Ligand code: SF4
Ligand code: SF4
Ligand code: SF4
């Protein structure tokens, strides 16, 4: 029997919603565990000391010294790291803190009695600290996409996400175009693969999966048009929601 690949599912600071999506794979988890030996996954088993992983799925952002240390350790031990979810990929909702004028625990003191002990670091995605091999984008991830990523890795293939914008799936699903109704949708410049789930609920795209092609001149043009539509402040709020402002505006 072929030796199983060693898998770790790890979490930095975040809501852990991407791990929930892994559990939502249901019976398909059994297929994964046919191929992968689960080294560590805190939701399912006690932590073990393991020296090597073939694949590390990491969600969240490295916001504390402990996170940063554990991320560096995982990089040393893992052949492949997949940044799982918007927090890991772009910074996520917690990156909003970077955009506020006052980062010095001013707000924290109203909530925590020992706020001085909070490590108030700048929020960065995993790639600012260690090399990342692949990304499973979205807040939360698309579980089907993650499943395909793991299947590709298992057969030695590089996982690829089709370079199509959210508009592609939106129009394939027959949803009405919110942009044409004057709403500030980021669908044309955002990497698809979420099946346009927000548009299904008549909500415009906030770009949680990041830019489809960060170097494309279309991004600048589209953002200029959105700015004319809703103003600079609201556009900034949209881009900041998932920590993607610095990814769209390079
Ligand atoms: S990407 Fe979204 S769902 Fe996943 S951990 Fe971050 S906040 Fe939670
Ligand atoms: S609603 Fe948004 S995602 Fe859908 S087609 Fe219009 S611009 Fe594209
Ligand atoms: S429609 Fe946009 S904001 Fe919604 S899940 Fe897809 S990429 Fe994210």
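Values in this text are rule-based calculations from the coordinates and carry no lab data. Note that the structure is predicted; figures quoted are calculated from it, not measured. All Cβ positions, glycine included, derive from the backbone under ideal geometry; neighbour counts span all protein chains shown.
Put simply, the Cα atoms of segment 63-144 extend 41, 26, 19 Å along their principal axes, the longest span coming first. Each peptide in 197-209, 22-34, 138-150 gets a packing score, the mean of other Cβ atoms within 10 Å over its residues, and the list from highest to lowest is 138-150, 197-209, 22-34. Building the convex hull from the alpha-carbon atoms of segment 64-202 and averaging its projection over directions returns 11.3 nm².
The helix-only estimate of mean residue ellipticity at 222 nm for the chain, built from DSSP H runs of length n ≥ 4 each weighted as -39500 (n - 2.57), is -9500 deg cm²/dmol after division by the residue total. Compactness of the chain was expressed as the Cα radius of gyration divided by 2.2 N^0.38 Å, which yields 1.06.
If R0 is taken as 22 Å, the Cβ-Cβ distance between residue 44 and residue 144 corresponds to a FRET efficiency of 0.60. According to the square roots a ≥ b ≥ c of the eigenvalues of the Cα gyration tensor, what is the shape class of segment 53-105, taking rounded for a/c under 1.5, prolate for a/b larger than b/c otherwise, and oblate for the remainder? Verdict is oblate for segment 53-105. Segment 183-219 and segment 152-180 have Cα centres lying 10 Å from one another. Between residue 201 and residue 76, the FRET efficiency estimated from the beta carbon spacing at R0 = 51 angstrom works out to 0.75.
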